[in-house]
Protein chains: 2
Amino acid sequence: MTKKNRSGCPIASGLEIVGDRWTLVILRDLLTGKSKYADFLDSPEKITTNILASRLSLMVENGLVMKRQYQTNPVRHSYHLTPKGADLLPLVQSLTRWSNAHLPHTWTPPAYFMDMTPQQAAEAGAEPPA
Amino acid sequence: MTKKNRSGCPIASGLEIVGDRWTLVILRDLLTGKSKYADFLDSPEKITTNILASRLSLMVENGLVMKRQYQTNPVRHSYHLTPKGADLLPLVQSLTRWSNAHLPHTWTPPAYFMDMTPQQAAEAGAEPPA
DNA sequence: AAAGTCACTTGCATTTTGCAAGCGACTCAC
DNA sequence: GTGAGTCGCTTGCAAAATGCAAGTGACTTT
């Protein structure tokens, strides 16, 4: 969608940022504790490296995710939810509920996931104390 | 994503059905009362006819939407949410809340929309009495 | 009869995703 | 020291999806 057709509708605007499958798959992985590049590659959906790199970059750009250096030789970054990104948790939980109710053969999510609050998700993404 | 990589994860499974922007834009339109083909074409996001036809067909196939004949000469159908489709309302409401909180210049949704329940949405989609 | 409307369908250009290899900066094993 | 392996990307290209605009058939309207 081009910027020319930008809709002020909150749904359409939100979908410009999170309305693609891979962004939400990565969001799930971040919410369940993954943070390093290789972690995301390990997920059962088999995201490809170019899409992963591209989406992570977009998510950083859109303020959903922050990069954090976890080593210096060589420089390596992990990825963590910002509070803005963590606030998407209710959406993901809602999708989870819908799938469990309507789609056969979907796993029951762990209770910790359904009980999590956006604040807890944001704290998990915050910089650990020095 | 090929069926070969089907994940049992409720999030990923749900995203196979609703994890694309156009499906969710159409869902919004259905939730706010649109039902005829031309109604959806009128939305500010300017969906194209081939994508609209294709998505509506998929949504019918996946049980989110039912077609209903509204005239005979020529035969014409309108599209309405099933209870399964209506159960996606909390997801859309959640996205709306997120957008209003985090994205500038998004409209405040009408109260009826945020107060709607999936049951009300399903009733609105149900066959009117003969 | 010609023009207009509607719900799609179609042909093709453009964009996005998927596949698989490549690259540079390291570390590790010999 | 050297070659192999690992990691986090990048790249070239094939396949799939989206976007554009015209087309189609069955009507209604002028």
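Peptide B:106-116: average number of partner chain Cβ atoms within 10 Å per residue? Walk me through the numbers on the way to the answer.
On the way: counts 8, 6, 1, 3, 0, 0, 0, 2, 0, 0, 0.
Mean partner-chain Cβ count within 10 Å for B:106-116: 2.
Which number gives the lysine pairs in the protein assembly as shown that have C-alpha atoms under 21 Å apart and are eight or more places apart or on different chains?
For the protein assembly as shown, qualifying lysine pairs total 18.
If the label for A:HIS77 sits 7 angstrom from Cα along the Cα-to-Cβ line, what are its distances to the same label in every other copy, in nm to one decimal, shortest first?
4.7
When you look at the Cβ of every residue in A:85-93, what mean number of other chain Cβ atoms sits within 10 Å? Mind showing how you got there, number by number?
Details: counts 2, 0, 5, 4, 2, 7, 9, 6, 4.
Averaged over the peptide's residues, the number is 4.
In the neighborhood of A:THR49, defined by Cβ-to-Cβ distances under 14 Å, what is the net charge if each Lys or Arg adds +1 and each Asp or Glu adds -1? If you can, show how the numbers build up before the last one.
Details: positive: A:LYS36, A:LYS46, A:ARG55; negative: A:ASP39, A:ASP42, A:GLU45.
My count for the surroundings of A:THR49 gives 0.
For peptide A:22-34, compute the average count of partner chain beta-carbon atoms within 10 Å of each residue's beta-carbon. Please list the in-between numbers first.
On the way: counts 3, 2, 6, 7, 0, 1, 5, 1, 0, 1, 2, 0, 0.
Taking the mean over all residues of the peptide, I get 2.
Return B:SER13, B:SER35, A:SER54 ranked ascending by Cβ neighbour count within 10 Å, so the fewest neighbours appear first.
Numbers: B:SER13 23, B:SER35 18, A:SER54 12.
Neighbour counts put them in this order, fewest first: A:SER54, B:SER35, B:SER13.
Take the rotation relating chain A to chain B, measure from its axis to every Cβ in chain A, and name the nearest residue with the distance in whole Å.
So the chain A residue sitting closest to the axis is A:SER94, 2.
Exposure proxy check: A:TRP107, A:TRP22, B:TRP98 ranked by fewest other beta carbons within 10 Å?
Details: A:TRP107 14, A:TRP22 21, B:TRP98 25.
Arranged by neighbour count, lowest to highest, A:TRP107, A:TRP22, B:TRP98 become A:TRP107, A:TRP22, B:TRP98.
Please report the Cα spread of the protein assembly as shown along all three principal axes, rounded to whole Å, starting with the longest.
For the protein assembly as shown, the Cα spread along each principal axis is 73, 40, 32 Å.
Hey, what's the per residue convex hull volume over the C-alpha atoms of region A:10-125, in cubic angstrom? Show your work: numbers first, answer last.
Numbers: hull volume 13.3 nm³, N = 116.
Output value, Cα hull per residue: 114 Å³.
Measuring label to label, 7 Å along Cα→Cβ, what does B:VAL60 give against each other copy in nm, shortest first?
In nanometres, ordered from closest: 4.6.
Taken together, the values in this text are just the output of simple stated rules run on the coordinates, not laboratory data. Please read all numbers here as calculations on a predicted model, not as lab measurements. Glycine gets a Cβ as well: all are built from the backbone with ideal geometry, and neighbour counts include every protein chain shown.
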